Amino acid sequence: MSNFMDLDQNGKAQAYYIWIDGSGQNIRGKTKTLDHPVTSPDELPEWNFDGSSTNQSTGENSDVYIKPVSIFKDPFRRGDNILVMCECYAPDGSPLPTNRRNACNKIMEKHKDQKPWFGIEQEYTLFDDTGKHPLGWPKNGFPGPQGPYYCGVGANRVKGRKIVEAHYRACLYAGVKIAGSNAEVMPSQWEYQVGPCEGIEMGDHLWVSRYILARVAEEFDVVVSFDPKPIPGDWNGAGCHTNISTLEMRKVGGMEHIIKAIEKMGKKHDEHIAEYDPTNGADNARRLTGLHETASIHQFSYGVANRGASIRIPRQCEKDGYGYFEDRRPASNCDPYAVTARIVASICE
């Protein structure tokens with residue numbers, strides 16, 4: 001397609017509007033032509049789409065409005081073309097139920113003096129174009145047991161590295177705050193990290209990184225799965241481990257504030273579980289079994305360097321006496337707006 005993508009755009013720009021559909025976990029998008037390049041979402045018009053086709057409205061009252069909230073460079077079209085993260089609203093101006101960003105932003109603004117920082121570790125699994133068979137797994141049977149695949153090297157240990165590298169570079173180009181990547185414990189499963197991001201920025205960057213990943217995988221006829229337990233049995237699930245710190249936690253003596261925050265979260269464990277996947281905890285229950293580096297969904301726990309706990313305090317933070325902590329409960333298909341809002345509401349209010 002390069003013969004066409006290199007054509008002059010005659011001063012116009014393309015804006016790809018992205019939104020979250022009625023599932024609360026899938027991304028939709030469409031393109032608008034702009035008369036000139038823009039540098040701020042405030043310069044972009046609101047738009048609309050057929051919500052009856054995304055499970056967000058009825059056919060009799062189908063219009064859903066999308067409001068631009070953040071922009072990124074488009075790594076696929078390049079030039080002055082952009083990706084636009086949007087919020088969804090009903091015709092009366094009320095946010096749709098899947099618009100978790102609206103409520104999240106209010107919470108972040110309320111507690112912005114505490115400067116909450118987040119870093120999210122997004123795990124995912126690659127499947128062939130049917131979406132049913134993990135990429136590179138034997139057609140009949142299973143690969144060898146887990147062990148050699150985590151951070152592995154070699155064609156017999158990792159599958160899909162070209163996708164991972166392309167995604168990483170595309171995120172850097174777009175301006176997504178991608179921080180790293182690695183092969184995960186289950187073969188054909190990978191992880192990348194986004195952050196540190198402050199407040200509402202976390203959700204914007206993670207959702208756009210997911211779009212870029214799915215779009216890159218299209219080029220390879222590969223399907224990306226964010227299912228928290230894509231393969232049943234003795235295989236690791238996929239999470240969205242969320243690292244959090246506030247200004248006081250990052251100062252000398254911050255460990256006291258870390259412990260207080262964790263204890264506050266423990267008192268609201270069920271509320272957190274209900275927010276940590278789009279199915280009110282049902283998807284995550286398949287993953288949080290107490291096995292495969294998870295805590296039980298029914299019990300709250302925390303510990304230093306303990307990957308079998310609900311919340312892990314890094315060993316280095318214990319040594320330093322300040323830093324951050326990791327909530328290991330969020331599922332890979334979580335809405336980061338819901339997760340970060342729930343955490344800040346628990347520890348800052």
(request) Give me the distance in nm between label points sitting 7 Å out from Cα along the Cα-to-Cβ direction at Asp8 and His36, one decimal. (result) 1.9 nm
(message) With a 1.4 Å probe and all protein chains kept in place, how do Val153, Val158 rank by accessible area, largest first?
(response) Val153, Val158
(request) Have a look at Asp80, Asp63, Asp234 and tell me which one the Gaussian network model of the chain (Cα, springs below 10 Å) gives the largest fluctuation. (result) Asp234
(request) Sort His36, His133, His269 from largest to smallest accessible area, using a 1.4 Å probe on the heavy atoms of the protein chains. (result) His36, His133, His269
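Among Lys67/Lys229; Lys110/Lys267; Lys73/Lys162, which pairs are too far apart, with a Cα-Cα distance over 28 Å? Display every interim value, and only then the final one.
Values: Lys67/Lys229 33 Å; Lys110/Lys267 22 Å; Lys73/Lys162 21 Å.
Long pairs (Cα-Cα over 28 Å): Lys67/Lys229.
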(request) Amide H neighbours of Asn48 under 5 Å, at least 5 residues apart or on other chains, H built in the peptide plane: list them. (result) Ile66
(request) Quickly work out the Lys267-to-Glu219 label distance, labels modelled 7 Å from Cα along the C-beta direction, and quote it in nm with one decimal. (result) 5.0 nm
(request) Please list, in chain and number order, the residues 5+ apart from Gly239 or on another chain whose amide H is under 5 Å from its amide H, with Hs placed from the backbone. (result) Glu123, Ser332
(message) I'd like the Karplus ³J(HN,Hα) series for segment 115-129: coefficients 6.51, -1.76, 1.60, θ = phi - 60°, whole numbers in Hz, and an x wherever there's a Gly or Pro.
(response) 6, x, 9, 10, x, 10, 9, 8, 9, 7, 10, 9, 10, 5, 5
(request) Work out from phi, with θ = phi - 60° and the Karplus expression 6.51 cos²θ - 1.76 cosθ + 1.60, the ³J(HN,Hα) of each residue of segment 255-269, listed in order in whole Hz, and give x for Gly and Pro. (result) 4, 4, 6, 5, 5, 4, 5, 4, 5, 5, 5, x, 6, 10, 4
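Test of understanding: what is the full-extension gain from Phe142 to Ser23, defined as 0.36 nm times their sequence separation minus their Cα-Cα distance? If you can, show how the numbers build up before the last one.
On the way: separation 119, 0.36 × 119 = 42.84 nm, distance 3.07 nm.
Contour length minus the Cα-Cα distance gives 39.8 nm.
Taking 22 Å as R0, compute the FRET efficiency from the Cβ-Cβ separation of Val252 and Lys112 and round it to 0.05. List each step's numbers first, then the result.
On the way: r = 23 Å, r/R0 = 1.02.
So the FRET efficiency works out to roughly 0.45.
Which semi-axis lengths, in whole Å and largest first, follow from the square roots of five times the eigenvalues of the Cα gyration tensor of segment 120-175? Intermediate values should be presented prior to the final figure.
Details: eigenvalues 110, 42, 22 Å².
The answer is 24, 14, 10 Å, longest axis first.
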(message) With a 1.4 Å probe and all protein chains kept in place, how much accessible area does Met265 have, in Å² rounded to the nearest 10?
(response) 0 Å²
(message) Let me cross-check Asp92: its accessible surface, 1.4 Å probe, with only protein heavy atoms counted, in Å² to the nearest 10?
(response) 130 Å²
(request) Determine how many Å³ per residue the convex hull of the Cα atoms of the chain encloses. (result) 151 Å³
(message) Charges on Cβ only, +1 for Lys and Arg, -1 for Asp and Glu, centred on the Cα centroid of the chain; of Tyr16, Gly254, His167, which one is farthest towards the dipole's positive end?
(response) Gly254
(request) Sort Ser2, Ser188 from largest to smallest accessible area, using a 1.4 Å probe on the heavy atoms of the protein chains. (result) Ser2, Ser188
(message) Amide H of Val304 versus every other amide H placed in the peptide plane: which residues, excluding those fewer than 5 positions away on the same chain, fall under 5 Å?
(response) Ile313
(message) With the crude spin-label approximation of a point 7 Å out along Cα→Cβ, what separation in nm comes out for Lys319 versus Asn55?
(response) 4.6 nm
(request) Identify which of Pro187, Pro45, Pro314 has the largest mean-square fluctuation in a Gaussian network model of the chain, with springs joining Cα atoms closer than 10 Å. (result) Pro45
(message) Counting only helical runs of four or more DSSP H residues, what would the 222 nm mean residue ellipticity of the chain come to if each run contributes -39,500 (n - 2.57) and the total is spread over all its residues?
(response) -7500 deg cm²/dmol
(message) Are there any trypsin sites (Lys or Arg not before Pro) in segment 1-86 that are in a DSSP loop and have at most 16 other Cβ atoms within 10 Å? List them by number.
(response) Lys12, Arg78
(request) With a 1.4 Å probe and every protein chain kept in, tell me what percent of the accessible surface of segment 1-114 is carbon plus sulfur. (result) 45 percent
(request) Leaving ligands, DNA and RNA out of it, report the carbon-plus-sulfur percent of the accessible area of segment 161-267 at a 1.4 Å probe. (result) 53 percent
(request) Give the accessible surface of the chain per residue, rounded to a whole number of Å², with probe radius 1.4 Å and ligands, DNA and RNA excluded. (result) 46 Å²
(message) In whole Hz and in residue order, list the ³J(HN,Hα) couplings for segment 87-93 that follow from phi through the Karplus curve 6.51 cos²θ - 1.76 cosθ + 1.60, θ = phi - 60°; x for Gly and Pro.
(response) 9, 9, 9, 6, x, 7, x
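The values are calculated or read from the model by the stated rules, or taken from the named source; none is laboratory data. A quick note: this is a predicted structure, and the numbers were derived from the prediction, not measured. A quick note on method: Cβ atoms are made from the backbone with ideal geometry, for glycine too, and the neighbour counts reach across all protein chains shown. All accessible areas refer to the heavy atoms of the entire protein, side chains included, with ligands and DNA or RNA removed. Shrake-Rupley method; radii C 1.70, N 1.55, O 1.52, S 1.80 Å.
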